[in-house]
Every structure is written in C-alpha cells, then in structure tokens.
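Q: Structure in structure tokens, see below.
The values are calculated or read from the model by the stated rules, or taken from the named source; none is laboratory data. Note that the structure is a prediction, hence the values are computed from the model and not measured. Here the Cβ positions follow ideal geometry from the backbone for every residue, glycine too, while neighbour counts run over all protein chains shown.
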Amino acid sequence: MRTQRTRTPHADTTKPEEATPLTRKLNRRDFVRHAGLGMAAMANVVLTETKTAQASSAEPDADAVGVLIDLTRCTGCNSCALACKVANRKPNPEVAPTELSNDALTYVAVEKDAQGERRFVKRQCMHCLHPACVSACTVGALRKTIEGPIVYDAYKCIGCRYCQYACPFGVPTYDWNNPLGLIHKCQMCFQQRVATGKPPACVTACPSGALRFGKRRELLAQAHAEIATHPQDYVDHVYGEQEAGGTSVLYLSAAPFEQLGFAQPGSSPIPQTAEAVMALTPVVALSVATLATGMHLILRRRQHRDNVAPVTWPETKED
C-alpha cells in the first residue's frame, strides 16, 4: 500500500512585477492626500476664473439703456402693468396684478409714507449693473446684455432657484405648477422691442409721463436736474444710482424710499459675495463625489480581503 501524502501548492518562482505609480495599491493616507491636492487645485482654478470674470465685468457699458420712474407722476392707473401682460402674452390681460408672479412681471403697489399719504410704486426687475442673479446662475440661464437688460433663457434653466436667493430685490418668481420649474422676471421687453430700438411696452403705455426710457447716464442727468429744479417735490436721492452697485431702473420720489418699502442693499455690488460662494459649488460637489468614491473602494477592498479564505489542497489517497 502506498503511503498518503499531502499536496501543497507550487511556490511561485516568478519575480513579482515592480510596483509603479499605476499598479501600486493606494492606501487611505495616499488617497486622502491626493484627493486634497486635487480639490485644492480645482478650487484655485475656479476662484481664479471668478476673479477674472469679476474684473472683466467691473464697469457697465456707457450706452446701456434704462428706465426712469418718477413716482410723483404715477397715478396708479396700471396701464404699464396691463401693457406688460399683453406684450408678454400673460393671462388675464384686463386684470391689474397686485404682486410679481408667473403671470405678472410688473405691478403697481400702493404704499403709505410716514404721513399716511398713499403713494403708487411700480415694481419690476431692477436690471442691476452687477446682477447677483446672473452670478448665482450655475448654468448661464440668466445673462446681462451689453444694452443693459438682464434676459432669461428657459431652455438652460434647471430650476435651482439660486437667482431667487441671490436677488436683493426679491424679483424672480418660480413656477411651481410647471414640471420644468421655470423662472419668470421682467426682461425689459428686450427681444421684442428694445433690441429693435423701441421702448419697453410699459413705458409706451404710461399716459402720465411717469416712465422714461433712454440711456442710463442721460436718465441720471435728467433725474438730478429734476431734483435741482424742483427740490420741494423730491427727496435728494435717485434710487438705483448706487444701490447694489447701481441699477438700470431708477426712481424719483417725494417720500424717502425706505418709507415706501424699497430694499436697502447698500452700494456694494452683491455679486462680489455671490460669485465667491457659487464658485465653490462645483468644488464642493467634486469633493463629495471623490471622497464617496474613495471610501467605497477602500471598504470594498477590505470586504474582499475578509471574504477570501486561505488556499488548501485536500488530502488524497493513492492505491
């Protein structure tokens, strides 16, 4: 009878392949270090591009257009708001709106000053010189034209609503009933009128001369001339000249603007803060994705190692 013997695996006599940067296993320390360096590089690139964009758009175009609204001439007739509805094909064009909404891009509010006197105030997009909504939009659905108006491209919009959060005047509205989640705001009739040299529909419809359309620098000169000529009729302040870095929609009023519910955002451009925050969005997203992927790979490798049993050969008998 032959004796029993145990077979053992043959020893691997081949020389192991030399580890290279491509074949070497990446431990957790190396992964975190490389991921951190990659994220830092990405952040530096994004912030550099943001600073470049800020520098390139620091000064508005000298011939940019705007609208001057003289509240002392406004009678509250709502002709402007109704004309806006017709021009933008909004429903119920015969009903005067009472707030900004998906169906109303402008309206005439009724405010009271400190003496309790009623004042009519037309509300709409201010078309900022340094628009925070444009800076906050991550997909370029909002852009400021060289002519001045801020326009919106619904085909690019993803419904993130960052523009709503960024706007210091609370202008953009969100269409909750639309599955696409579109944003609505005044575009100063850019495509249908301003681009072809015509005033916005609201300006054309105003019967009292409360609205004037023209180059912003010329409207500012007219506004200051009105204040100088009739100081008893106006507060010495052109709203929109400095607010939020300046706006293309300007106001004259007999009552202080803070009494009429006007926002007080200060004179610094809002995008200086908004762009810095929004620029980090892709970096944060990339960081989370990178760390999640790395942890998944590490855990999967550990699980695979724990599940692999040692290799043994069964005993056999030979006659």
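Q: Quick one: ARG217 ticks every box in (1) of a type outside the set (Gly, Ala, Ser); (2) over 25 Å from ALA81 (Cβ atoms); (3) surrounded by 16 or more Cβ atoms within 10 Å (Cβ to Cβ) bar one, so which box is it?
A: It fails just one condition, (3).
Q: Which of the residues belonging to region 158-193 are modelled with pLDDT of 95 or more and more than 16 Å from the chain's Cα centre (by Cα)?
A: Scanning region 158-193 gives MET188, CYS189, PHE190, ARG193.
Q: Got a sec? Which strands (runs of 3 or more DSSP E) wholly within region 97-170 have at least 2 residues that are of a type in the set (A, V, I, L, M, F, W, C)?
A: Details: elements: 107-112, 118-123, 142-144, 150-152.
In region 97-170, 107-112, 118-123, 150-152 are the strands (runs of 3 or more DSSP E) which contain 2 or more residues that are of a type in the set (A, V, I, L, M, F, W, C).
Q: I've got another one for you. Take ILE183 and decide whether it is β-branched (Val, Ile, Thr) and in contact with a Cys (Cβ under 8 Å, 6 or more places away or on another chain).
A: Considered against the rule, which asks whether it is β-branched (Val, Ile, Thr) and in contact with a Cys (Cβ under 8 Å, 6 or more places away or on another chain), ILE183 comes out as yes.
Q: Here is a follow-up. Have a look at ALA87, ALA81 and point out the one that is touching a helix residue (DSSP H, G or I) at 6+ places or on another chain (Cβ under 8 Å), surrounded by fewer than 19 Cβ atoms within 10 Å (Cβ to Cβ) and within 18 Å of PHE213 (Cα to Cα).
A: ALA87
Q: If ALA244 meets every condition in (1) buried (at least 23 other Cβ atoms within 10 Å of the Cβ); (2) over 30 Å from LYS85 (Cβ atoms) apart from one, which number is that one?
A: Result: ALA244 fails condition (2) only.
Q: Name, by its number, the condition in (1) buried (at least 21 other Cβ atoms within 10 Å of the Cβ); (2) part of a loop (DSSP other than H, G, I, E, B) that does not hold for ASP236.
A: All conditions are met except number (1).
Q: In region 171-214, which residue that is of a type in the set (S, T, N, Q) and outside any loop (DSSP other than H, G, I, E, B) is surrounded by the most Cβ atoms within 10 Å (Cβ to Cβ)?
A: THR173
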